[in-house]
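Asks: The structure that follows is given in the form of structure tokens.
The values are calculated or read from the model by the stated rules, or taken from the named source; none is laboratory data. Small disclaimer: the values here were computed from a predicted structure and weren't measured. For neighbour counting, all protein chains shown are included, and Cβ atoms are generated from backbone atoms with ideal geometry for every residue, glycine included.
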């Protein structure tokens with residue numbers, strides 16, 4: 001049985017233009033998102049793992065288009081709430097960082113362990129939440145170069161996919177008509 005593949009949404013697959021009131025006015029799909037999701041889906045079941053709310057996911061999927069149907073399910077902020085609540089209690093406790101890290105690892109995952117593709121670094125607040133939600137370790141985390149504008153487009157997804165292939169030591173599909181080189 002292959003491990004699930006969890007993919008982040010904001011700044012990994014899309015960028016959002018936000019107005020002065022904090023409202024999303026435009027969602028921009030990352031160049032190469034279709035090829036990335038199609039190729040990744042050949043290696044296992046895809047799940048969207050996002051701290052975003054369901055209404056934002058719905059709008060993002062409209063912007064992404066048909067490739068969004070490759071996700072088997074969406075794990076949104078609403079689904080992660082029990083874990084977020086536990087983490088909030090732990091992080092608000094007057095205990096050492098080492099004790100907090102120990103307690104974070106004791107949180108019962110809500111979903112099966114798998115690889116996570118995310119723009120956040122290991123150790124960030126969202127890493128702690130998402131890793132706890134799926135019982136992931138730092139070795140399961142594949143960092144995607146953040147997509148904040150068109151200058152950080154396709155190459156971040158290509159590098160993340162290449163890293164996944166290298167970790168699994170298998171040859172995979174070609175992205176966007178070009179072979180993906182793996183730096184060793």
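Asks: Kindly establish whether residue 146 is touching a residue at least 60 places away in the same chain (Cβ under 8 Å) and either closer than 21 Å to residue 57 by Cβ or out of contact with any helix residue (DSSP H, G or I) (no Cβ under 8 Å at 6 or more places or on another chain) (or both).
Replies: Judged against the criteria, residue 146 is a match.
Asks: Got a number for residues in segment 1-27 being part of a strand (DSSP E or B) and buried (at least 16 other Cβ atoms within 10 Å of the Cβ)?
Replies: 9
Okay, residues lined up against (1) at pLDDT below 95; (2) more than 18 Å from the chain's Cα centre (by Cα):
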site	(1), (2)
71	no, no
101	yes, yes
123	yes, no
151	yes, yes
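Asks: With the structure loaded, tell me whether residue 84 is under 18 Å from residue 9 (Cβ atoms), over 14 Å from the mean Cα position of the chain (by Cα) and buried (at least 20 other Cβ atoms within 10 Å of the Cβ) or whether it fails that test.
Replies: Answer is no for this residue.
Asks: Next question, about the same structure. Any idea which of (1) in contact (Cβ under 8 Å) with a residue 12 or more places away in the chain; (2) touching a helix residue (DSSP H, G or I) at 6+ places or on another chain (Cβ under 7 Å); (3) in a helix (DSSP H, G or I) is the one residue 35 doesn't satisfy?
Replies: So residue 35 meets the others, but not (2).
Asks: On to the next question. Find all pairs meeting these conditions: Cβ atoms under 9 angstrom apart; at least six residues apart or on different chains; first residue within segment 88-103 and more than 18 Å from residue 126 (Cα to Cα); second residue assigned to a loop (DSSP other than H, G, I, E, B).
Replies: 99/93
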